[in-house]
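The values are calculated or read from the model by the stated rules, or taken from the named source; none is laboratory data. As the structure is a prediction and not an experimental result, all values here were calculated from the model. Cβ placement follows ideal geometry from the backbone for every residue including glycine, while neighbour counts extend to all protein chains displayed.
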Amino acid sequence: MSDATPLGNSAYAYGNVTKMFHWLTALLILTAFPLGMIANSWPYDSSQALLVKGVLFSLHKTVGVTVFFVALARILWALTQTKPHPLHPDRRIEHFMAELVHWLLYAGLILVPLSGWIHHAATTGFAPIWWPFGQSLPFVPKDDAVAHVFEGWHLVFTKVLGIAVLLHIVGAVKHQVIDRDLTLARMLPGRVEAGRDSGEHSRSPFWMALMIWAVAMTAGTALGWPRAAQTETPAIALAPAPVAPAATGWTVQGGTLGLSVVQFGADVEGSFSDWSASIAFDPEAPGPDLGTVAVDIAIGSVTLGSVTAEAVKPEFFDAAQFPTARFTATLRAGDDGRYLAEGTLSLKGADVPVTLPFDLTLTGDTAEMTGQTTLDRRDFDIGTATYKDEATLGFPVTVSVSLTAQRN
């Protein structure tokens, strides 16, 4: 026994680098687990409570991403190192369980944070990761179905990893208290050599761990897939909004109605999937009025990243009491070559004047329009009772519209 510990492993001792990775991983895991549990159970019935909840989730996610990279480095290091011999290879069941738990831990340290990270990247908003490299991942779309599946994986994977961590701790305590051997001492500072080469290297624990993770993946998919296979809210069929007759009518062929708001300093983007527009527009009219437009919007069709379920509640859009919104406007030519839709937005019982500047490209009988305007959520009593400042939820809401219409 010697106080000097080399960086690398030997057949009978762990090196300093391996020990550093072991205890750093333990610290991160034992931080991430309680942060996640506390964040999930934390209320969000006030602006301050939501701010705390967001901070807790951001901490949890940031620690989780750190675990992922530390685990990658740890595995890469382990691949270059000799694995010290076990102390009791003759205890076959105990040795099998120890190897199985280690395989579960190694895989879990990758799968748990990665599944959570993909879930985070597939949605938008609420509790960003605290680092300068953005919130997205390559090849991961902003898609609710993807988010739900990986949310299911993350929930199940954390349970498997949690059980593996618990078994690992129980095993360490058993070796220290009951066996009184050098299992724990080999991972503490200082050089401790112990172990016995059995000459046997069974792959059974690896295949058993692989089977357990396959079952966990199946269970996670079963948990997340029902939500992924259905829309968040049923679409509401809307009849075209009546508008005043005009010289030329247009039929909308397709388009998007999006919205964006800042939450915890990050943009949360969403859209309404069910809306209809009736347009009467004549670009050759002498002016100043060139026509009219009326848009009906099904509030229940909103998607807004990870806070979709909250968006339709009474504190926000209150879709149950106010299922539709309507924007009626007069179309006019602007001073800068653009056009203006000047009118009124009726939303959540409030009628607010709104001007939407837009660009219009006419190609024969086809018109392509894009426009954007900014609203103040307080004008419509959205989130004002609980979220009275912008620390958690910004006041401005950006509304963007794009559509293609065909002349009748």
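For this structure, a couple of remarks:
- Taking region 112-154 as the range and being farther than 18 Å from His60 by Cβ and among the β-branched types (Val, Ile, Thr) as the test, the residues that pass are Val140, Val146, Val149.
- Selection status of Phe281, in contact with a Ser or Thr (Cβ under 7 Å, 6 or more places away or on another chain) and either modelled with pLDDT under 90 or on the phi > 0 side of the Ramachandran plot (or both): no
- Checking each residue in region 194-235 for being modelled with pLDDT of 90 or more and of a type in the set (Val, Ile, Thr) picks out Ile212, Val215, Thr218, Thr221.
- Just one of (1) under 16 Å from the mean Cα position of the chain (by Cα); (2) in a loop (DSSP other than H, G, I, E, B); (3) not β-branched (Val, Ile, Thr) fails for Leu155. It is (2).
- Yes/no for Arg186 being in the same structural domain as Leu51 (by TED's automatic domain parsing), more than 30 Å from Ser273 (Cα to Cα) and without any contact (Cβ under 8 Å) to a residue 24 or more places away in the chain: no
- Filtered residue count, region 310-343, keeping only those that are out of contact with any Asp or Glu (no Cβ under 7 Å at 6 or more places or on another chain) and closer than 18 Å to Arg377 by Cβ: 13
- Filter pass, Ala11 being among the aliphatic types (A, V, I, L, M), exposed (fewer than 14 other Cβ atoms within 10 Å of the Cβ), more than 30 Å from Phe316 (Cα to Cα) and at pLDDT 90 or above: yes
- Of the strands (runs of 3 or more DSSP E) that lie entirely inside region 305-384, those containing 3 or more residues that are touching a residue at least 24 places away in the same chain (Cβ under 8 Å) and polar (S, T, N, Q) span 324-333, 366-376.
- Number of the condition not met by Ile299 [criteria: (1) under 30 Å from Asp45 (Cα atoms); (2) surrounded by fewer than 19 Cβ atoms within 10 Å (Cβ to Cβ); (3) of a type in the set (A, V, I, L, M)]: (2)
- Figure legend. Inter-residue proximity from region 40-61: first residues part of a helix (DSSP H, G or I), second residues of a type in the set (Asp, Glu) and surrounded by fewer than 17 Cβ atoms within 10 Å (Cβ to Cβ), beta-carbon distance below 9 Å, spacing 6+ or different chains. Indicated pairs: Ser47/Asp389.
- Verdict on Pro132 being under 27 Å from Ala222 (Cβ atoms), assigned to a loop (DSSP other than H, G, I, E, B) and in the same structural domain as Gly36 (by TED's automatic domain parsing): no
- Residue within region 115-123 that is modelled with pLDDT of 95 or more, touching a Gly at 6+ places or on another chain (Cβ under 9 Å), on the phi < 0 side of the Ramachandran plot and of a type in the set (Gly, Ala, Ser) present: yes
- Taking the listed residues Lys83, Lys19, the one that is buried (at least 16 other Cβ atoms within 10 Å of the Cβ), basic (Lys, Arg) and out of contact with any Ser or Thr (no Cβ under 7 Å at 6 or more places or on another chain) is Lys19, with no other qualifying.
- Picking from residues in region 273-295 that are part of a strand (DSSP E or B) and surrounded by fewer than 21 Cβ atoms within 10 Å (Cβ to Cβ), the one that is farthest from the chain's Cα centre (by Cα) is Asp289.
- The set of residues from region 159-211 being within 18 Å of His85 (Cα to Cα), part of a loop (DSSP other than H, G, I, E, B) and not charged (D, E, K, R) comprises Leu182, Thr183, Leu184, Leu188, Gly190, Val192, Ala194, Gly195, Ser198, Gly199, His201, Ser202.
- Annotation note: Cβ proximity below 9 Å between a residue of region 95-110 that is outside the structural domain of Pro205 (by TED's automatic domain parsing) and a residue that is of a type in the set (Asp, Glu) and surrounded by fewer than 19 Cβ atoms within 10 Å (Cβ to Cβ) (sequence gap 6+ or interchain) occurs for no pair.
- Residue match in region 23-34 (condition: crowded, with 19+ Cβ neighbours inside 10 Å, more than 26 Å from Ser136 (Cα to Cα) and in contact (Cβ under 8 Å) with a residue 24 or more places away in the chain): no
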